[in-house]
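The structure appears below as structure tokens.
The values are calculated or read from the model by the stated rules, or taken from the named source; none is laboratory data. All of these numbers come straight from a predicted model, not from anything done at the bench. Glycine gets a Cβ as well: all are built from the backbone with ideal geometry, and neighbour counts include every protein chain shown. Quick note on the areas: whole protein, heavy atoms, side chains included, nothing else; ligands and nucleic acids left out. Shrake-Rupley method; radii C 1.70, N 1.55, O 1.52, S 1.80 Å.
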Amino acid sequence: MIQTISDIFATVQGWLFETLVQPMVFAIGMGEFIEEAFTGTEWVLVGVCELVILFVILRPLESLIPVHAISNPRARWNDFIYTVLQRLGVIPILAFLILDPLLSIAAEALHLEGWGTFNLDQVWPGVTDLALVSFFLYLIVIDLFEYAYHWAQHNVRWMWALHSLHHSQQDMNLWSDDRNHVLDDLVHDIFLGLVALAIGVEPSQYILLVSASRMLQSLQHANVRIHFGRFGEYLLVSPRFHRTHHAIGIGHESQGRNSLGGHNFAVLFPIWDVLFRTAHFAQGFAMTGVRDQLPPPAGRGRDYGNGFWRQQWLGLKRLVEVTRKKVR
């Protein structure tokens with residue numbers, strides 16, 4: 001069954017590339033990037049499959065077992081725009097175009113100094129021959145670095161200035177995972193790409209790793225009343241566990257109102273929060289948002305924007321504000 005699906009996918013990718021992508025690449029005079037274009041075609045096709053699966057499975061679940069009624073349908077539609085941009089590869093491909101030439105230069109310099117490429121076979125000979133085993137090992141290692149990056153987004157002021165856009169959604173839904181500032185996404189994808197290259201992940205396997213992670217994160221953000229039980233909550237991040245991360249006063253504050261920090265930074269595996277003592281296993285399904293967007297006296301009534309472009313602009317303004325405060 002899996003082999004059949006893989007064959008169908010490869011056939012569709014080949015047809016799409018030969019019929020649309022390859023002629024377009026040559027037409028605009030970028031034939032030297034033909035291999036990258038083939039990989040980009042795979043990114044786009046995987047993203048289309050993700051969008052279809054999410055809409056067919058998670059969207060009905062949000063209607064059947066919602067945490068709360070969506071008060072602002074426009075905000076959910078706006079999140080969908082973010083998801084399309086991310087899942088169809090616009091941001092990852094942009095990150096790649098920036099990262100690829102820089103990594104080529106770095107790899108050449110390291111090679112001249114006698115440094116080779118690290119891979120799991122160096123510490124566990126033959127492990128990469130076992131595709132499923134190596135896949136999960138890479139997933140665990142990457143998830144640890146994802147935890148570290150997410151922790152930094154909540155504890156480094158300039159990173160929080162951008163990441164707070166993600167938390168400002170008060171009608172969290174299945175598309176909210178991709179509601180991020182473009183600059184935030186770009187830095188994250190470059191960081192993750194560097195980690196993957198450093199541990200020896202093959203490009204084709206990296207796409208599958210990213211796709212598996214994105215699908216699970218869409219479930220985590222969905223407006224569904226789902227948890228994984230007493231023990232399951234310790235094995236995989238559930239919608240309830242992650243919703244606590246988005247809760248005002250718990251998810252993005254550690255030392256009282258308007259402080260940085262929070263709980264439940266794990267992206268896939270809660271074990272990292274348990275090990276680093278940032279776990280908060282709440283029993284309820286919290287309402288979401290950021291403290292300073294609440295009206296006074298609870299908050300400052302800060303505007304995070306309703307549309308894509310305004311949200312991006314206000315994110316840059318928050319970043320500038322934080323930078324100026326540091327200078328002063």
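Numerical summary
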{"item": "Viscosity 0.692 mPa s, 37 °C: Kirkwood-radius Stokes-Einstein D of the chain over Cα pairs, µm²/s", "result": "154 µm²/s"}
{"item": "Relative contact order of the chain, defined on C-alpha pairs under 8 angstrom at six or more residues apart (%)", "result": "18 percent"}
{"item": "Overall dimensions of the stretch 146-253 as given by Cα atoms, namely Rg and Dmax in Å", "result": "14.5, 40"}
{"item": "Taking the stretch 147-230 and dividing mean pair separation by its residue count, relative contact order in percent (alpha carbons under 8 Å, at least six apart)", "result": "34 percent"}
{"item": "Cα-Cα separations in the stretch 283-328 greater than 13 Å, expressed as whole percent", "result": "67 percent"}
{"item": "Extension gain from A152 to E321, taking 0.36 nm per residue of separation minus the Cα-Cα distance", "result": "59.0 nm"}
{"item": "Of H245, F231, W151, farthest towards positive along the dipole that unit charges on Lys, Arg, Asp, Glu beta carbons give the stretch 150-253", "result": "F231"}
{"item": "Probe 1.4 Å, protein heavy atoms only - accessible area per residue of the chain in square angstrom", "result": "53 Å²"}
{"item": "Rg(Cα)/(2.2 N^0.38 Å) for the stretch 167-221, N = residue count", "result": "1.28"}
{"item": "The chain, accessible surface, carbon-and-sulfur percent (1.4 angstrom probe)", "result": "68 percent"}
{"item": "Pair D303, R74: separation of 7 Å Cα→Cβ label points (nm)", "result": "1.2 nm"}
{"item": "Rounded to 10°, Cα long-axis angle of helix 157-167 versus longest principal axis of the chain", "result": "80 degrees"}
{"item": "Principal-axis tilt of helix 90-112 within the chain, Cα atoms, nearest 10 degrees", "result": "60 degrees"}
{"item": "Cα long-axis angle, helix 73-87 against the chain (0 to 90 degrees, to the nearest 10)", "result": "20 degrees"}
{"item": "Cα-based Rg of the stretch 247-328 normalised by 2.2 N^0.38 Å, two decimals", "result": "1.30"}
